[in-house]
Amino acid sequence: MGHLDHAAYGWLTPALSYVMASIGAALGLRCTVRALAATGASRRNWLLTAASAIGTGIWTMHFIAMLGFHVTGTEIHYNVPMTLLSLLVAMAVVGAGVFAVGYGRDRGRALVLGGLTTGLGVASMHYLGMAALRLHGRIEYDPLTVGLSVAIAVVAATAALWAALNIKSPVAVAVASLVMGAAVSSMHYTGMIAVSVRVTPSDAALPGATALQFIFPLAVGLGSYLFITAAFVALSPTADERAASASAPAPAAPAAAGREPGSGTAPGAGFAPAPAPAGAAGRRRLGDGPLPSR
């Protein structure tokens with residue numbers, strides 16, 4: 001049996017992976033809240049953003065944690081196509097759960113179905129990512145611990161979707177995302193406890209890419225995507241803000257009799273006095289006295 005180290009860099013990888021899981025959960029919850037307040041294409045787009053944020057956060061959490069996974073006696077490489085497939089699975093299953101909640105008429109049934117689908121999908125992503133490992137030896141799992149990790153994933157996913165349906169305030173969403181991040185991290189490390197490796201010493205080159213060649217750059221890229229999405233969500237107006245802007249009274253039009261803006265001319269300036277009527281009165285000039293009598 002090879003000795004397994006789940007935190008080869010100390011608390012750095014567990015702490016960073018927890019932060020990424022929490023950020024992904026927070027973005028996903030905020031986007032789902034926005035989606036439930038929208039209709040039509042806007043709801044669909046917010047749900048797609050929520051699915052990509054949660055799925056990316058979970059996947060990034062998993063593989064940042066895997067950067068700290070070492071096995072004595074063998075190197076660890078990753079099969080690139082299978083690793084990318086695990087990312088697509090994470091986004092797809094989270095999307096299925098989020099859309100079930102976003103469009104389901106029966107919220108209770110949608111919550112159960114969405115939580116079960118998303119939880120099983122998250123577990124599938126985890127173990128598909130583990131299947132992408134290439135090392136000198138054979139990986140074995142304890143079935144009971146695997147079952148426990150799957151149960152944690154289903155409960156965590158259901159709790160996250162429930163929070164998306166029932167929690168609206170930013171503070172409550174932040175607390176829920178921290179809980180969700182802890183649940184996802186617990187699922188990952190519970191699944192890793194189930195792992196044992198029978199090392200077969202060999203000098204043969206391993207196929208695939210090392211963690212620093214592939215996982216680290218991809219995790220950095222996906223982490224950047226999460227931060228950009230966070231900025232987009234923070235700057236986008238909410239439904240209440242748009243409604244308040246639409247209902248704001250329009251500015252009053254300037255009075256017609258007043259000075260024209262920017263003209264610099266006083267009211268009535270530039271107009272000539274009306275001509276005096278013809279006849280004797282018309283021969284009088286302004287300011288003259290009475291006409292002399294004949």
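The values are calculated or read from the model by the stated rules, or taken from the named source; none is laboratory data. What you see is a predicted model; the values in this text were computed from it and never measured. Backbone-built Cβ (ideal geometry, glycine too); neighbour counts: all protein chains shown. These area figures cover heavy atoms from the full protein model, side chains too; ligands, DNA and RNA do not enter into them. Shrake-Rupley method; radii C 1.70, N 1.55, O 1.52, S 1.80 Å.
For S202, are the conditions met, namely being open to solvent by less than 30 Å² (accessible area, probe 1.4 Å) and among the polar types (S, T, N, Q)? Steps first, answer last, please.
Numbers: open to solvent by less than 30 Å² (accessible area, probe 1.4 Å): no; among the polar types (S, T, N, Q): yes.
For S202, the condition - open to solvent by less than 30 Å² (accessible area, probe 1.4 Å) and among the polar types (S, T, N, Q) - is not met.
Note on segment 142-172: among residues that are among the hydroxyl-bearing types (S, T, Y) and within 17 Å of S186 (Cβ to Cβ), the one that is surrounded by the most Cβ atoms within 10 Å (Cβ to Cβ) is S149. Is it true that G115 is buried (at least 20 other Cβ atoms within 10 Å of the Cβ), closer than 21 Å to I215 by Cα and of a type outside the set (A, V, I, L, M, F, W, C)? It is false that G115 is buried (at least 20 other Cβ atoms within 10 Å of the Cβ), closer than 21 Å to I215 by Cα and of a type outside the set (A, V, I, L, M, F, W, C). Scanning segment 9-32 for any residue that is outside any helix (DSSP H, G or I), closer than 15 Å to Y189 by Cα and either without any contact (Cβ under 8 Å) to a residue 24 or more places away in the chain or over 17 Å from the mean Cα position of the chain (by Cα) (or both) turns up at least one such residue.
Checking T117, T145 one by one, the residue that is of a type in the set (S, T, Y), at negative phi and over 26 Å from the mean Cα position of the chain (by Cα) is T145 and no other. Those residues that are within 9 Å of the chain's Cα centre (by Cα) and surrounded by 24 or more Cβ atoms within 10 Å (Cβ to Cβ), I need them from segment 41-56; list them, please. If the condition is that a residue be within 9 Å of the chain's Cα centre (by Cα) and surrounded by 24 or more Cβ atoms within 10 Å (Cβ to Cβ), then A50, A51, A53, I54 are the ones that fit.
Take segment 21-40 and flag every residue that is among the small types (G, A, S), surrounded by fewer than 24 Cβ atoms within 10 Å (Cβ to Cβ) and over 30 Å from M66 (Cα atoms). The answer is A37, A38, G40. Could you give me the residue pairs with C-beta distances under 8 Å whose first residue belongs to segment 69-95 and is free of Cβ contacts under 8 Å to residues at least 40 places away in the same chain and under 22 Å from A157 (Cβ atoms), whose second residue is open to solvent by 40 Å² or more (accessible area, probe 1.4 Å) and of a type outside the set (A, V, I, L, M, F, W, C) wherever it lies, and which are 6+ apart or on separate chains? Close Cβ pairs satisfying both conditions: V89/S124; V93/T117; V93/S124.
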